[in-house]
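I have placed the structure first, in the form of structure tokens, so that the comments after it can refer back to it.
Readers should treat all values here as calculations from the given coordinates under stated rules, not as data from a laboratory. From a predicted model like this one, the values you see are computed outputs, not experimental measurements. Backbone-built Cβ (ideal geometry, glycine too); neighbour counts: all protein chains shown.
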Amino acid sequence: MQITSPDRHSTPAAALTATALAVAVALASGCSSAGPASDDARHPAGSVVRVPQDFPTVQKAVDVAREGDTVLIGPGTYPESVRVTKRNVVVRGTDRSAVVFDGGLKLANGITVTGPGSVVENLTVHGYLANGVLFTGVTDAKLQQRGAGGSAYDPLDTARFPPVEGFRATRVTAYNNGLYGIYAFDARSGVIEDSYASGHADSGIYVGQCKPCDTLVRGNTVERNAVGVELTNASDGLSILGNRVAGNRVGVTINSNDLEALAPQHGAVIAGNVVVDNNAADTPEQADGGFGIGIGIGGGTANRVERNLVRGNRAAGVIVTDPPGHPASGNRVEGNQVDGNGADLVLASADPDNCFGGNRPGTQSPDGLEAAAGCGGQGRGPLTAGRPAPVQAPPGVPFSRVPAPPAQSSLPDPTVPGRPATGLPGAVDPGAYPLPTDAGALPARPAG
């Protein structure tokens, strides 16, 4: 589910102009006159660079910041595309709802992070033609402007663009961007947490082309997108835990495809999430046209889908399918509450190694799916392919016209020292995320 932004919307990278300065030598004193101010000379005292107090734009502050610094942004609207290329820089708003990056439907990306260990937190980003926040090892500016992945990127050239190591998005509000809200592509060892994404023409949160990903997506609210959470060719050490994915056209997708490198997808855990009512008509229409699906595995392998509340999705609650060239295999769908969907459980894959067990479903396709494809560890012969309930997808709306979200909770104290994205994601225990019981609320974060 990959869309690229048209080239006519791309914004050329700014060129730096060198200035020739004459140096006068004072023979009597042996001193030379000062040259232009260096970044060190312009850097304020301490490890915090403030906008607008120290610099009028975020990009100027980021350019001056040193490794380990926090760029602290005051309330205001910032019509910028910012690139963070240095290590361990924390870009933080003082107020999540009042610090707003606005692309004006003219700029490609809001904040692009290629610096290892860097962080974006406590701010809002909207109105960009491609992505709100992009974490990536793709350092080519032209590819970034076209979306960084899919047909804009050579899917075989992982040597040219090794993944960025270490990233974090915390309490980011991303809405009404042309592709993705929070996008981790060719990135690993990261966390996307406590954020909100709505009104995206592809996905609210996307993790793609990483192996191992070593990435945690937790505690986010994702709604009114074409797809809520999308994982494509994202393998190993990837955990989607305790999120609320509601009112999208499609809730969660786990895909293998050949538009990106590192297919097939393998080894994600999707646990403890609320995935409900993903049939919203007032959402952008995604190119593949999916609608009414809670959790869909399209050619993914060895994934675990467990203890999720999946309800009210008109086509299917959980569906496993085989896209061309990528059979779904070894997926385990266990211990979920799956009810009130068009078809609660659907196995449309011919591979005998996918299993379903203990899901409390109402309807299964094919009939008797859990009995025939249980998770007891014994191989089975081919099953008749199941089918989702027939649903006619309504026309979508332009991404820019999805209503803006309400204010979201801000960091309690934005003045505390910033934490670079090192050593992430840390210990991850999917078993600590129980089956949610409230379809209308974000699942509670486990203690610890």
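Can you tell me what share of the DSSP beta bridges in the chain is antiparallel? A percent to the nearest 5 is fine.
That works out to approximately 5 percent antiparallel.
Relative contact order for the stretch 224-360: what percent, with Cα pairs under 8 Å and sequence separation of 6 or more? Don't skip to the end; give the middle numbers.
Values: 442 pairs, mean separation 29.0, N = 137.
Once divided by the residue count of the stretch 224-360, the mean separation gives 21 percent.
Using θ = phi - 60° and the Karplus relation 6.51 cos²θ - 1.76 cosθ + 1.60, list the HN-Hα couplings for the stretch 261-278 in order, rounded to whole Hz, with x at every Gly or Pro.
6, 6, 6, x, 5, 7, x, 9, 10, 10, 9, x, 9, 9, 10, 9, 6, 8
Once the piece of chain linking Thr384 and Ala281 is laid out straight, how much longer is it, given 0.36 nm per residue of separation minus the C-alpha distance between them? Numbers along the way, then the final one.
Values: separation 103, 0.36 × 103 = 37.08 nm, distance 3.18 nm.
Gain on stretching Thr384 to Ala281: 33.9 nm.
By the gyration tensor of its Cα atoms, with a ≥ b ≥ c the square roots of the eigenvalues, what is the shape of the stretch 245-346: rounded for a/c under 1.5, prolate for a/b over b/c, or oblate? List each step's numbers first, then the result.
Working: a/c = 1.98, a/b = 1.23, b/c = 1.61.
Oblate, because a/c is 1.5 or more while a/b does not exceed b/c.
In what sequence do Cys213, Cys375 fall when counting other Cβ within 10 Å, fewest first? Could you put the intermediate results ahead of the total?
Working: Cys213 29, Cys375 15.
Neighbour counts put them in this order, fewest first: Cys375, Cys213.
Which order do peptides 195-204, 388-397 fall in by mean Cβ count within 10 Å, highest first?
On the way: 195-204: 29.5, 388-397: 14.5.
Going from most to least packed, we get 195-204, 388-397.
For the pair Ala98 and Asp339, how long in nm is the line joining their label points, each one 7 Å along Cα→Cβ?
Result for the modelled spin labels: 4.5 nm.
Considering the values [x] 21.7, 70; [y] 27.1, 86; [z] 23.1, 97, which represents Rg and Dmax of the Cα atoms in Å as calculated for the structure under consideration?
[z]
Take each of the peptides 57-69, 303-315, 87-99, 227-239, average the number of other beta-carbon atoms within 10 Å over its residues, and list them starting from the highest. Present the calculation step by step, with values, prior to reporting the outcome.
Values: 57-69: 19.8, 303-315: 24.9, 87-99: 22.7, 227-239: 26.6.
Highest-to-lowest ranking by the protection proxy: 227-239, 303-315, 87-99, 57-69.
Based only on other Cβ atoms within 10 Å, what is the fewest-to-most ordering of Ile192, Ile254?
Numbers: Ile192 31, Ile254 27.
The fewest-first ordering by Cβ neighbours comes to Ile254, Ile192.
Label Arg160 and Asp40 with points 7 Å out from Cα along Cα→Cβ: what is the distance between them in nm?
In this crude label model, Arg160 to Asp40 measures out at 3.6 nm.
Taking neighbour counts of Cβ atoms within 10 Å as a proxy for exposure, in what order, fewest first, do Tyr206, Tyr78 appear?
Numbers: Tyr206 29, Tyr78 23.
Arranged by neighbour count, lowest to highest, Tyr206, Tyr78 become Tyr78, Tyr206.
Amide H of Asn354: which non-local residues (sequence gap of 5 or more, or other chain) have their own amide H closer than 5 Å, using H built in the peptide plane?
The answer is Gly330, Asn331.
Rounded if a/c is under 1.5, else prolate if a/b beats b/c, else oblate: with a ≥ b ≥ c from the C-alpha gyration tensor eigenvalues square-rooted, which is the stretch 84-133? Walk me through the numbers before you get to the answer.
On the way: a/c = 3.31, a/b = 1.28, b/c = 2.58.
Oblate shape, in that a/c is at least 1.5 and b/c is the bigger or equal ratio.
How far apart, in nm, are the 7 Å Cα→Cβ label points at Ala371 and Ala350?
Output for this residue pair reads 2.6 nm.
Before rounding to the nearest 500, sum -39500 (n - 2.57) across all DSSP H runs of length at least 4 in the chain and divide by the residue total; then give [θ] at 222 nm in deg cm²/dmol. Mind showing how you got there, number by number?
Values: 4 runs with 20 residues, N = 448.
For the chain, the value works out to -1000 deg cm²/dmol.
How many angstrom lie between the C-alpha centres of the stretch 331-347 and the stretch 399-447?
25
Roughly speaking, what is the stretch gain from Asp140 to Arg419, that is 0.36 nm per residue apart minus the C-alpha to C-alpha distance, in nm to one decimal?
Details: separation 279, 0.36 × 279 = 100.44 nm, distance 2.71 nm.
Extra length available between Asp140 and Arg419 comes to 97.7 nm.
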